[in-house]
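Values quoted throughout were computed directly from the atomic coordinates according to the rules given, and no laboratory measurement underlies them. Given the structure is predicted, the values throughout are model-derived calculations rather than measurements. Here the Cβ positions follow ideal geometry from the backbone for every residue, glycine too, while neighbour counts run over all protein chains shown.
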Amino acid sequence: MTEYGKVVIDDDGDETCRVFVGNDFVGEISHEEYGWGGMTSVMDLIENLGEALGFEVDIQQNIV
């Protein structure tokens, strides 16, 4: 059973960040689509919205 109480933004330093709700992949935020500043803004929006809705938000930055 998937637990939907957590939002994960997986940022591994490449040109996309993957977004998960629980264990389910829900989409990507890409540099090509939003630009670097826009990508950060979208990540902030997801984080703030998730917290406002009562989700635990985890931004995993695995930048090498």
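Some values worked out for this structure:
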quantity: Likely footprinting exposure, PHE25, PHE55, fewest C-beta neighbours within 10 Å first; calculated: PHE25, PHE55
quantity: Gained length - GLU51 relative to ASP10, 0.36 nm times residue gap less alpha-carbon distance; calculated: 13.1 nm
quantity: ASP58/ARG18 FRET efficiency (R0 22 Å; Cβ-Cβ; nearest 0.05); calculated: 0.95
quantity: Per-selection Rg to Rh, the stretch 7-61 - Cα, Kirkwood hydrodynamic radius; calculated: 0.94
quantity: Helix 31-52 axis, angle to the chain major axis (alpha carbon atoms, nearest 10°); calculated: 20 degrees
quantity: HN-Hα J in Hz across the stretch 10-25 - Karplus 6.51, -1.76, 1.60, θ = phi - 60°, x for Gly and Pro; calculated: 9, 10, 9, x, 8, 8, 9, 10, 9, 10, 10, 10, x, 9, 8, 6
